[in-house]
Amino acid sequence: MAKTAIETLITLDNPVFKAYLFYNAILVAKMLSMSFLTARQRVAKGVFPNPEDIVLSPKSKIKVDEDVERVRRAHQNDLENITVYMVAAFGFVLTNPSPWLAINLFRAFTFARIAHTLVYAVVVVPQPARAIAFFVGTSVTIYMVAVSLKAFY
């Protein structure tokens, strides 16, 4: 039985789909690490959001801490941007793009999101570092959406 066009694109034989899965796995691991980074920051500062959390550490307080919130905002930014990118990138894979272009776009987005976290939540760097990282990733997503809209209209 002959494969459909989509079946030839959504296979590990397609280097674009394989790269999509690889870079998505990196992004998922990065987002998961943000939970641990937040927890580490909470423990280091002795600051927790819920009364039941301070039972294990009596010296801890229930309060909002700017350093903890910075990590949480970086995580929230990931949730807002990476999930949209993953959907846009899947649509882009279905347009049968050039492997060179697609793989480099996946890399650019992934590295931009890692850089965004580093300059936002790990080693705070003054603007425009965070804005540049954000706009590189957003530009990649917008490009993929535009290509998909053109291909599927």
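Results, tabulated for the structure shown:
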| read-out | value |
| --- | --- |
| Selection status of ALA39, under 27 Å from PHE134 (Cβ atoms), out of contact with any Gly (no Cβ under 6 Å at 6 or more places or on another chain) and either surrounded by fewer than 16 Cβ atoms within 10 Å (Cβ to Cβ) or among the hydroxyl-bearing types (Ser, Thr, Tyr) (or both) | yes |
| Residue within the stretch 59-81 that is in contact with a helix residue (DSSP H, G or I) (Cβ under 6 Å, 6 or more places away or on another chain), at pLDDT below 95, of a type in the set (S, T, N, Q) and not in a helix (DSSP H, G or I) present | yes |
| Close pairs from the stretch 16-27: first under 16 Å from PRO99 (Cβ atoms), partner modelled with pLDDT of 95 or more and surrounded by 19 or more Cβ atoms within 10 Å (Cβ to Cβ), Cβ under 6 Å, at least 6 apart | VAL16/VAL93; VAL16/ALA102; PHE17/VAL93; ALA19/PHE106; TYR20/ALA89; TYR20/VAL93; TYR23/PHE106; TYR23/THR110 |
| All positions within the stretch 124-141 that are in contact (Cβ under 8 Å) with a residue 24 or more places away in the chain and assigned to a helix (DSSP H, G or I) | PHE134, VAL136, GLY137, THR138, VAL140, THR141 |
| Test: residue in the stretch 114-123 that is more than 12 Å from the chain's Cα centre (by Cα) and either outside any helix (DSSP H, G or I) or closer than 17 Å to ASN24 by Cβ (or both) | yes |
| Sole exception among (1) assigned to a helix (DSSP H, G or I); (2) farther than 21 Å from ILE114 by Cα; (3) at pLDDT 85 or above for ILE54, by number | (3) |
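The values are calculated or read from the model by the stated rules, or taken from the named source; none is laboratory data. Quick caveat, the model's predicted, so the values are computed rather than measured. A quick note on method: Cβ atoms are made from the backbone with ideal geometry, for glycine too, and the neighbour counts reach across all protein chains shown.
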